[in-house]
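First comes the structure, then the notes that go with it.
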Amino acid sequence: MKKLFLSVVALCVTLFVQAKDYADYVSPLVGTQSSFELSTGNTYPAISRPWGMNFWTPQTGKMGDGWQYVYTANKIRGFKQTHQPSPWINDYGQFSIMPVTGKPEFEEDKRASWFSHKAEIAKPYYYKVYLAEHDVVTEMVPTERAVMFRFTFPENDSYVVVDAFDRGSSVKVIPGENKIVGYTTRNSGGVPANFKNYFVIEFDKPFTYEATFSNDVQPEKPDGSVPVTLKEGKLEQTDFHTGAVIGFKTKKGEVVHARVASSFISPEQAIRNLKELGGDSFEVLVQKGKEAWNEALGKVEVEGGTLDQYRTFYSCLYRSLLFPRKFYELDANGQPVHYSPYNGETLPGYMYTDTGFWDTFRCLFPFLNLMYPSVNKEIQEGLVNTYKESGFFPEWASPGHRGCMVGNNSASILVDAYLKGVRVEDVETLYKGLIHGTEAVHPEVSSTGRLGYEYYNKLGYVPYDVKINENAARTLEYAYNDWCIYKLAKDLKRPKKEVNLFAKRAMNYRNLFDKETLLMRGKNKDGKFMAPFSPLKWGDAFTEGNSWHYSWSVFHDPQGLIDLMGGDDMFVTMMDSVFSVPPVFDDSYYGFPIHEIREMTVMNMGNYAHGNQPIQHMIYLYNYAKQPWKAQYWLRQVMDRMYTPAPDGYCGDEDNGQTSAWYVFSALGFYPVCPGTDQYVLGAPLFQKATIHFENGKNIVINAPQNSETNYYIQDMKVNGQEYTKNYITHSTLQNGGTIDYVMGDKPNKNRGIAPEDAPYSFSRE
């Protein structure tokens with residue numbers, strides 16, 4: 001009996017320890033079963049540290065292919081350092097490493113190897129795969145700016161290929177030091193003329209073979225491949241496309257390590273970054289990587305769910321902690337320093353990049369403010385540096401300003417952080433930059449600043465007929481952005497005239513409301529609505545959506561929108577219609593169904609298009625119209641049907657953590673509908689218990705013991721033991737710690753959360 005008791009105790013301890021290994025719930029392969037035609041995430045396995053400067057990924061696509069790893073591929077061409085935030089934006093600072101055997105092969109199709117997912121292990125901190133063509137096991141474990149590879153070779157002539165990629169690169173083999181150095185310049189835009197990513201690779205085995213490759217142009221064979229001639233004995237090349245192959249004589253099971261690092265600053269800094277690996281063994285680095293991820297993921301502990309729910313939750317949380325990535329490095333004194341992708345200088349201070357604010361202002365950045373404010377403090381300081389170095393805050397950065405999407409949502413990012421206590425040192429410059437962004441547009445990148453600001457500031461909207469695309473979407477987002485600036489101006493006690501100006505502009509959304517259709521509609525310069533009007537037309541006046549999707553983009557004033565639509569009942573009817581109408585669409589603006597359209601049509605949720613961002617907050621708006629139970633129902637439907645831990649686990653673009661953070665927030669039971677307020681609008685929790693550990697040392701425990709597949713309606717709610725009927729919870733309530741207790745049931749409680757004072761914030765009620 002004693003032995004049985006001790007065995008049970010040991011089993012319980014084992015299970016407890018396993019439960020704390022949050023990183024082992026994560027699958028970096030979620031979202032990788034994507035294509036140009038249909039996105040199920042458009043992700044790749046990002047093997048990294050949280051917010052690491054460099055990610056590493058197995059590369060199945062050809063050089064330059066934005067879909068650099070797809071789950072349906074069967075060959076790996078290399079192991080690639082990547083900074084890619086999205087296949088649409090593509091990559092920069094990229095080179096690859098690939099082991100081969102038998103004979104040296106550089107050309108990417110010839111060196112490629114068959115692989116199987118059954119012989120693949122992908123963790124956030126570690127990757128392993130068997131390369132069948134070469135009989136080589138490849139493993140890699142990264143730090144923030146470095147990585148260690150471990151190759152297990154057969155008895156053969158064995159080689160490692162280093163591909164510095166085309167569009168300008170350099171390699172140098174240094175046999176006496178078992179080293180390869182070089183740089184790569186391949187990028188997709190957003191860099192100054194002097195951009196380089198310098199790399200250093202050190203092996204722990206002397207070379208028996210050295211060769212380099214170069215092409216001075218882009219000659220292609222009829223099949224699109226590039227002819228390759230290796231130059232044996234030539235140790236250095238600088239050209240359009242360069243690379244190196246080094247070789248060893250290996251015995252069966254012989255292990256060779258490669259220590260790799262890179263820098264955007266200099267070759268010397270790359271060597272300094274290599275020191276991140278220290279004297280640690282491969283196994284120690286794996287453990288340290290696992291600990292780093294467990295520490296970050298362990299800020300949120302969930303219990304009382306299914307295994308798939310744990311896997312989905314922590315895989316989404318992992319994706320929420322990748323972007324924006326660090327773009328700064330540490331100098332000889334351990335101080336932050338960065339190469340500026342805006343002016344090409346090396347400057348002191350922080351810099352983060354690779355994110356689009358059109359996506360991430362909605363809930364990714366509010367999540368950082370709530371859970372990782374120390375990280376976001378660095379990000380915010382980096383944003384101020386961006387303004388100082390380029391004259392604008394970024395809207396889409398990779399690594400510098402990129403022409404993508406609409407809006408001036410840096411205002412939301414900066415203001416939400418400031419008002420939640422994540423404050424930069426130079427507030428004066430921050431505010432100056434915000435004002436500048438309302439009355440200027442970047443001279444080369446029109447999505448930075450405010451395109452059409454002259455019309456907007458004069459007319460109160462961006463007209464449909466002045467050759468500015470997605471004009472209605474811009475107007476709606478500018479109005480919300482103006483509200484953000486109003487909130488900051490008010491907090492900073494700016495002159496009343498200034499505060500009132502932005503308060504007035506915050507109501508500009510009303511200028512596009514069409515009383516006939518009860519929807520937002522493009523408006524011509526003469527004040528007349530554009531015609532003919534199809535609410536189902538994607539693009540045109542809107543961004544990657546239609547009027548049915550964008551009409552809810554009044555984050556700061558849902559009550560004002562309710563009033564325009566004729567009151568609660570009509571507002572709810574309009575929202576209900578989004579789900580009840582068939583998934584019909586008008587693609588005439590694009591000329592074909594873009595992938596966002598297809599992702600809506602296949603989900604069997606009518607015209608609700610969760611795979612793209614404009615409508616992701618809409619379900620929470622039921623809370624403003626006194627029917628919170630409908631939010632509870634639809635949120636559970638979206639979580640259960642549109643998110644899984646499988647390779648096709650997303651319902652559209654994952655988009656730099658935004659779609660993932662939506663799930664994390666929603667699974668916890670609340671969501672930041674309007675960043676810039678101190679409120680999170682309630683949904684309903686997914687798990688029976690969640691414990692959130694804040695950086696201030698306080699914890700909030702969310703209990704919902706009756707939660708189940710059918711019990712997703714809130715019957716009753718208590719906050720710190722007190723009855724609670726409001727449809728929101730405040731930032732300070734969460735940060736102060738305590739308990740939130742839910743009673744859940746399978747039928748809606750239509751008497752809770754229906755009083756006017758239960759509704760969340762709206763500007764028109766201020």
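The values are calculated or read from the model by the stated rules, or taken from the named source; none is laboratory data. The model shown is predicted, which means the values in this text are computed figures rather than measured ones. Positions of Cβ are backbone-derived with ideal geometry, glycine not excepted, and every protein chain shown enters the neighbour counts.
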Based on what the data block shows, is P705 closer than 26 Å to D746 by Cβ, of a type outside the set (S, T, N, Q) and without any contact (Cβ under 8 Å) to a residue 60 or more places away in the chain?
-> no
Checklist entry - Does segment 458-470 contain at least one residue that is under 25 Å from the mean Cα position of the chain (by Cα) and buried (at least 19 other Cβ atoms within 10 Å of the Cβ)? => result yes
The lone condition V572 fails out of (1) surrounded by 15 or more Cβ atoms within 10 Å (Cβ to Cβ); (2) within 26 Å of S34 (Cα to Cα) is (2)
Of the residues in segment 71-120 that are farther than 23 Å from S39 by Cα and among the acidic types (D, E), the one that is surrounded by the most Cβ atoms within 10 Å (Cβ to Cβ) is E108
Of the listed residues (L476, L492), the one being within 24 Å of L561 (Cα to Cα) and out of contact with any His (no Cβ under 8 Å at 6 or more places or on another chain) is L476
On the basis of being touching a Leu at 6+ places or on another chain (Cβ under 9 Å) and charged (D, E, K, R), does D716 make the cut? no
Within segment 231-263, residues being under 16 Å from I180 (Cα atoms), out of contact with any helix residue (DSSP H, G or I) (no Cβ under 8 Å at 6 or more places or on another chain) and among the polar types (S, T, N, Q) number 3
Would you confirm whether or not segment 401-420 contains a residue that is more than 20 Å from the chain's Cα centre (by Cα) and either assigned to a loop (DSSP other than H, G, I, E, B) or not assigned by TED's automatic domain parsing to the domain that holds N376 (or both)?
yes
Could you go through segment 477-499 and let me know if any residue there is of a type outside the set (A, V, I, L, M, F, W, C), crowded, with 24+ Cβ neighbours inside 10 Å, more than 17 Å from N409 (Cα to Cα) and without any contact (Cβ under 8 Å) to a residue 60 or more places away in the chain. no
Might you check whether a residue that is in contact (Cβ under 8 Å) with a residue 60 or more places away in the chain, within 33 Å of the chain's Cα centre (by Cα) and either within 18 Å of T250 (Cβ to Cβ) or not assigned by TED's automatic domain parsing to the domain that holds P45 (or both) occurs anywhere in segment 102-125? no
Here the residues within segment 630-666 that are under 25 Å from A755 (Cα atoms) and either touching a helix residue (DSSP H, G or I) at 6+ places or on another chain (Cβ under 8 Å) or of a type in the set (D, E) (or both) are K630, A631, W634, L635, F665, S666
When G224 is run through (1) buried (at least 20 other Cβ atoms within 10 Å of the Cβ); (2) modelled with pLDDT under 95; (3) of a type outside the set (D, E, K, R), the failure sits at (1)
Taking segment 728-763 and keeping residues polar (S, T, N, Q) and within 32 Å of the chain's Cα centre (by Cα) leaves T730, S732, T733, Q735, N736, T739, S762
Per the filter on segment 264-311, residues touching a helix residue (DSSP H, G or I) at 6+ places or on another chain (Cβ under 6 Å) and either among the hydroxyl-bearing types (S, T, Y) or under 18 Å from P28 (Cα atoms) (or both) are K290, W293, N294, L297, G298, Y310, R311
Quick count over segment 72-87, residues being part of a loop (DSSP other than H, G, I, E, B) and of a type in the set (S, T, N, Q), is 4
Log entry, pairs with first residue in segment 623-646 being hydrophobic (A, V, I, L, M, F, W, C), second being surrounded by fewer than 20 Cβ atoms within 10 Å (Cβ to Cβ), beta carbons closer than 6 Å, six or more apart or on different chains, reads A625/D568; A625/V572; W629/P748
Scanning segment 527-575 for residues that are of a type in the set (D, E) and either in contact (Cβ under 8 Å) with a residue 60 or more places away in the chain or not assigned by TED's automatic domain parsing to the domain that holds Y509 (or both) gives D540, E544, D557, D563
Among (1) out of contact with any strand residue (DSSP E or B) (no Cβ under 7 Å at 6 or more places or on another chain); (2) more than 24 Å from V681 (Cβ to Cβ); (3) outside any helix (DSSP H, G or I), V384 falls short only on (3)
Counting only strands (runs of 3 or more DSSP E) wholly inside segment 162-218, the ones holding at least 3 residues that are surrounded by fewer than 22 Cβ atoms within 10 Å (Cβ to Cβ) are 169-174, 209-215
When restricted to T725, T644, T691, the only residue in a loop (DSSP other than H, G, I, E, B), at pLDDT 95 or above and more than 23 Å from the chain's Cα centre (by Cα) is T725
Selection over segment 422-431 where residues are of a type outside the set (K, R) and under 23 Å from the mean Cα position of the chain (by Cα) yields a count of 2
Only one of (1) free of Cβ contacts under 8 Å to residues at least 40 places away in the same chain; (2) in contact with a Pro (Cβ under 8 Å, 6 or more places away or on another chain); (3) under 19 Å from F55 (Cβ atoms) does not apply to T185, and that is (2)
So, first residue under 28 Å from Q559 (Cβ atoms) and modelled with pLDDT of 95 or more in segment 740-755, second residue part of a strand (DSSP E or B) and of a type in the set (D, E), Cβ within less than 8 Å, six or more apart or across chains; the pairs are Y742/D716; N749/D716; R752/D716
Every listed condition ((1) in contact with an Asp or Glu (Cβ under 7 Å, 6 or more places away or on another chain); (2) crowded, with 16+ Cβ neighbours inside 10 Å; (3) not in a loop (DSSP other than H, G, I, E, B)) holds for K249 save (2)
Those residues of segment 729-760 that are closer than 26 Å to K299 by Cβ and not in a helix (DSSP H, G or I) come to a total of 11
Restricting attention to segment 36-73, the residues that are over 30 Å from L274 (Cβ atoms), touching a residue at least 40 places away in the same chain (Cβ under 8 Å) and of a type in the set (G, A, S) number exactly 2
